[in-house]
Every structure is written in C-alpha cells, then in structure tokens.
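As structure tokens, the structure follows; a few thoughts come after it.
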Amino acid sequence: MVTQIKISRTKHSRISEIDFKNLQFGSQFSDHMFAMEYIDGQWQNHRIEPFGLIEVHPVSASLHYGQTIFEGMKAYRGVDGKIRLFRPDMNHKRLTDSCIRMCIPPVELETFLSAIEELVRVDHQWVPPYEGQALYVRPVLFADEGSLDVRPANRYRFLIITSPVRGYFGAGSPAVALKAEEKYTRAIQGGTGSAKVGGNYAATFLASCQGRDEGFAQILWLDGVEHRYIEEVGQMNICFVLDGKLVTPPLRGTILPGVTRDSVIQLTHDMGIECEERMIDINEVIDGIKNQTLQEAFGCGTAVVVNAVGSIGYRGQQYVIGNGEIGPLSQKLYKLILGIQRGEVEDTHNWTREVAIS
Ligand code: COI
C-alpha cells in the first residue's frame with residue numbers, strides 16, 4: 001500500500017532564476033524536495049516540502065561513520081513534451097542492495113516510485129526542454145541518530161532532491177582523457193565498490209585532484225590487488241571496442257552495476273555486436289591502442305550518458321585512442337539512449353516510465 005504524501009508548496013518559486021540555455025551539472029536545485037524519516041522501525045512522515053536547509057543530529061552515524069548511500073537518475077522531457085523516467089526499477093534495486101550493504105532500512109519500490117513521480121510532477125516545469133539536458137533526481141538515505149556507538153543507527157532520513165542539468169562533462173562533450181591510477185585504489189572485493197556509498201566518492205578525491213592537476217578529466221581505476229585490471233571511472237562505467245567486440249569489466253563486487261552500462265550491453269547486443277564482460281588487463285588496452293585493435297573507448301553512466309574517452313595516461317605516457325575523437329559506436333549509443341529517453345526512438349525494451357502531468 002502506498003502511503004499518502006503530504007505536499008506543501010513554496011510561495012517563492014526560484015524557476016525564473018534558471019537560465020535553461022546555460023545549465024551546469026548539479027549546482028541549482030528545484031523548488032521542492034521529498035523527505036521522510038525512519039523512526040520506531042518504520043518509514044514515516046512522507047512529504048514534499050520547499051527545498052531548503054535541514055537539521056541533522058551532530059552525532060549522527062552518517063557524519064561520523066559514513067552510514068549514507070545515494071542514487072542518481074534523471075527525468076527527461078521528450079520531443080512530444082512528455083516526461084519520462086528511465087529504468088527507475090533498476091535504481092531501486094541498486095538502492096536496496098546499497099541499503100543492505102550499509103545496514104540501512106530499505107524503501108519499498110512503490111514508495112520510491114511514487115515519491116519520485118510526485119516530486120517530478122510538483123516541479124515538472126524544472127524538467128529542462130533541450131536535448132542533452134534532464135532533471136537529475138538524487139535520492140539520499142542517511143543515518144540521523146545521536147549516538148557515538150559504532151553500530152547501525154536506529155533513525156534515518158530519506159531525501160530526494162532534483163536539479164536541472166546538462167551532461168556531466170557539458171553539452172556535446174569532447175572525448176575525455178583518463179589517468180590509469182596505480183597508487184590509490186577505489187574498491188576491493190568484499191568492500192563497498194558495488195554500492196552507491198558516499199564514502200566511495202570521497203575516497204577518490206585525492207587521486208582525481210592529482211589527476212586534474214596533470215590534465216586528466218577523470219581517473220581510470222584499476223583493481224586493488226595488482227593495479228592491473230580495469231575497473232571503472234567513478235562517475236561512469238567503462239567500455240572498449242576491441243577487435244570489433246564490446247568489452248567491459250564484469251560485475252564482481254568492485255564496480256557499480258550501472259543502469260546505463262546494462263542498457264549499453266543490451267543495445268549493443270541488439271545491434272548484433274558481440275559483447276564480453278570480462279577482466280581487462282591495462283596492458284591489453286595499451287597494446288590495443290598501439291596496434292589499433294582497440295578502436296574506441298567510452299564511459300557510460302546516468303550523469304554522463306555515453307562519453308567518449310580520447311586518451312589514457314599510464315606510467316607517464318599518454319596513449320591516444322584512434323584519432324582521439326568520439327568514435328562511431330559511442331556516438332550511436334549516445335544518440336540511441338537519448339532517443340529512447342526522449343521518446344524519439346521506439347522503446348522496444350519498455351525501459352521508460354511516463355510521469356503523467358495532470
Ligand atoms: C550518476 O551518474 O548518477 C552518478 O552517480 C555519477 C556522479 C554524479 C556521482
């Protein structure tokens with residue numbers, strides 16, 4: 001049974017401050033947010049209220065011990081004006097898995113979907129109109145109980161905020177340069193690498209800042225044992241076109257099970273292209289770039305959609321993939337996924353879910 005969501009609307013909409021032609025990623029937030037609390041063993045007080053600052057217990061386990069997880073998804077304005085979500089059931093599945101991993105009480109699918117849909121309905125004017133843009137939807141769950149005891153908390157908060165965005169690397173983003181990281185590690189087996197845990201991201205900041213100082217857009221993470229096998233990029237999963245096949249690292253607990261990754265695999269398969277989910281040695285990638293059997297590389301994720309990788313830095317050398325520009329498969333997948341999300345291309349897998357605006 002879906003619990004009633006109480007809606008309190010703002011009297012001062014900020015939408016007139018938004019320049020939809022010049023959106024950034026995640027710096028502006030729409031008028032409302034969803035909130036509820038987990039108290040006495042149940043989620044309660046489901047509500048939509050004006051977006052604003054919140055009070056958090058200064059001794060909450062989320063602040064002190066990192067007991068917090070999040071999700072990332074988008075609402076798209078179609079060419080027909082309709083608003084669609086893309087595979088929200090997969091986000092819910094991953095949120096549930098993250099909850100289990102971090103001992104946070106899960107949220108039922110019906111509650112998750114109705115909270116997102118109601119919030120998008122209330123702020124439907126914030127869903128941007130232009131191609132490559134979307135209303136980014138960020139659910140976050142965190143402990144909020146005052147206790148220094150090192151154990152799962154008894155009280156939690158669940159918020160959903162939304163933000164009108166362009167693509168993560170900008171509209172029509174060029175191919176990005178990645179640095180294969182040999183010193184730091186993002187995740188190891190048995191850790192939290194496959195869950196969307198806040199700390200997974202903070203733990204990558206030092207390496208990414210160092211990479212940025214060296215001119216790289218992002219870090220290409222390698223496995224935590226030998227620093228040899230390709231993992232993911234942090235903000236996106238990674239795919240290669242090697243000898244005409246799509247090759248991507250397997251889900252073995254250390255990388256995020258991306259919704260876009262899964263969609264890319266399915267769509268590539270639909271195109272009749274062979275797809276391998278397997279361990280990929282960084283040396284295989286470097287050799288493939290050198291002898292041109294590696295034709296393309298691209299990242300995929302909700303925030304980036306599909307973004308080409310133009311070069312990889314490894315052990316002080318820069319290896320340019322092909323001509324360093326966006327390859328044909330990256331381009332095709334980007335257009336196809338965006339087309340499905342915007343209702344321009346037939347949704348043969350039934351991935352989209354319309355948010356009806358009355
Ligand atoms: C996403 O693609 O939704 C992400 O979570 C990436 C990032 C902005 C954290």
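The values are calculated or read from the model by the stated rules, or taken from the named source; none is laboratory data. Predicted, not measured: the structure shown is a model, and the values here were computed from it. Backbone-built Cβ (ideal geometry, glycine too); neighbour counts: all protein chains shown. For the accessible areas, the whole protein counts, side chains as well, though only heavy atoms, and no ligand, DNA or RNA atoms are used. Shrake-Rupley method; radii C 1.70, N 1.55, O 1.52, S 1.80 Å.
The Cα center of segment 28-59 and the Cα center of segment 299-324 differ in position by 38 Å.
If you take every residue apart from Leu251 with its C-beta less than 15 Å away from the C-beta of Leu251, what net charge results, scoring Lys and Arg +1 and Asp and Glu -1?
+1
Leu23 sits among other residues whose Cβ lies under 13 Å from its own Cβ, and their net charge, with Lys and Arg +1 and Asp and Glu -1, is +1.
Our helix-only sum for the chain, with -39,500 (n - 2.57) per DSSP H run of n ≥ 4 divided by its residues, gives a mean residue ellipticity at 222 nm of -7000 deg cm²/dmol.
A quarter of the convex hull surface defined by the alpha-carbon atoms of segment 155-242 gives 8.2 nm² as the mean projection. Taking every protein chain into account, the accessible area of segment 6-165 amounts to 45 square angstrom per residue (probe 1.4 Å).
Computed over neighbours whose Cβ is under 14 Å from that of Glu214, the net charge equals +1, Lys and Arg +1, Asp and Glu -1.
Report in % the part of the accessible area of the chain that belongs to carbon and sulfur, leaving out ligands and nucleic acids; probe 1.4 Å.
50
Mean-square fluctuations from a GNM of the chain, with a 10 angstrom spring cutoff on Cα atoms, peak among Lys183, Lys332, Lys245 at Lys183. Peptides 137-149, 154-166, 97-109 ranked from most to least packed, by the mean per-residue count of other Cβ atoms within 10 Å: 154-166, 137-149, 97-109.
Two decimals, Cα atoms only, Kirkwood Rh: what is Rg/Rh over the chain?
Rounded to two decimals, Rg over Rh is 0.97.
For segment 204-251, the residue among Gln235, Trp221, Gly211 whose Cα projects farthest onto the positive side of the dipole built from Cβ charges is Gln235.
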